[in-house]
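Data first, discussion second: the structure below is written as structure tokens.
Values quoted throughout were computed directly from the atomic coordinates according to the rules given, and no laboratory measurement underlies them. Please read all numbers here as calculations on a predicted model, not as lab measurements. We place every Cβ from the backbone using ideal geometry, glycine too, and count neighbours over all the protein chains shown.
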Amino acid sequence: MKIKHLTLDCANLQEQKYYYTKKFAFDVVDESEESITLRLGSSMLTFSENRLKKSYYHFALNIPYDAVNKAMRWLEKKVDIIETAEGKIQDFPNWKARSVYFLDPAGNVVEFIGRERVEANSRTVFNEKDIINISEVGVPVFQVSEAFKIISQESGLPKFDCDASTFCASGDDEGLFIIVDKAEKTWFPTDEAAKAYPLKVLFENEKKTYTLRMESGMLGVEEEK
């Protein structure tokens, strides 16, 4: 599954713009008074301003597996890394992956993740050009099993790792929807509740393109014609 374009709300667009263009030097693809679109590897990320609500989300960026330590040192100079019980790098042996986490100014839980099964070689010195794509989007819902059913029936995405009652990762190593029970789960590794806010994800699976939308707590998926 390829996540092509992720759109998120934010309460302060200028703060997000400064953070991602000055601190991380991501390229601006499009910009208006209400939104800004950034290029992150082969994916695009749009922040759309909504001053009435302080929205926050979880999303992850794929980086080369052999670059996780270099990425951590690069991030240390830019952000406050969220430490887990394992330290600044969290190991996920079942997923053959390692991650580094931090918060952006909007409160989004951002993850840099290196996956052993994603083939990519790192540069000698890590920078923003090493980001491969957007690899995960958190999807908080009332019923995890029902949400997975909707996504799977409409787009054909398989289960990747699931506990149907509170958690289900749907997709593959290249792209995942992290479906969680918003009444039970927090965004690891923080104590922030996994609340549902408006989001839109344009993604590709089996050479077909789909849009996932979350609006007013309701989840929908449709094929793009």
ask   = Could you give me the ³J(HN,Hα) list for segment 51-64, computed from phi with Karplus coefficients 6.51, -1.76, 1.60 and θ = phi - 60°, whole Hz, x at Gly and Pro?
value = 6, 7, 9, 8, 7, 8, 9, 10, 9, 10, 10, 6, 10, x
ask   = Which label belongs to the value computed from this structure, given these candidates for Cα Rg over 2.2 N^0.38 Å: (1) 0.95; (2) 0.99; (3) 1.13?
value = (1)
ask   = Where does the chain land at 222 nm, in deg cm²/dmol rounded to the nearest 500, when only DSSP H runs of n ≥ 4 count, each adding -39500 (n - 2.57), divided by all residues?
value = -3500 deg cm²/dmol
inquiry  = Given R₀ = 22 Å, what would the calculated FRET efficiency be for Asp91 paired with Arg123, taking r from the Cβ atoms and rounding to 0.05?
reply    = 0.45
Percent of beta bridges antiparallel (DSSP, the chain, rounded to nearest 5) = 75
request  = Express in whole angstrom the spacing between the alpha-carbon centres of segment 132-179 and segment 64-79.
outcome  = 27
key: Förster radius 30 Å - calculated FRET efficiency between Thr190 and Ser152 (Cβ-Cβ, nearest 0.05)   = 0.60
ask   = For segment 82-169, what is the per residue volume of the convex hull drawn over the alpha-carbon atoms, in cubic angstrom?
value = 151
Length gained when the stretch Ser216-Lys22 is fully extended (0.36 nm per residue, less Cα-Cα span) = 66.6 nm
Max mean-square fluctuation residue, GNM over the chain, Cα-Cα springs under 10 Å, options Leu52, Leu202, Leu75 = Leu52
ask   = Could you give the nm distance between label points at Glu31 and Lys78, where each point is 7 Å from its Cα heading toward the beta carbon?
value = 1.7
ask   = Cysteines without a disulfide-compatible partner in the chain, using Cβ under 4.7 Å as the rule?
value = Cys10
query = At a Förster distance of 25 Å, what's the computed FRET efficiency of Asn12 paired with Ser145, Cβ-Cβ distance as r, to 0.05?
reply = 0.10
request  = Sticking to Cα atoms, compute the Rg of segment 148-225 to one decimal and its Dmax as the biggest Cα-Cα distance, whole number, in Å.
outcome  = 12.7, 40
task = Output the pairs from Lys78/Lys207; Lys70/Lys182; Lys159/Lys225; Lys2/Lys54 with a Cα-Cα distance over 30 Å in this structure; if there are none, say none.
result = Lys78/Lys207; Lys70/Lys182
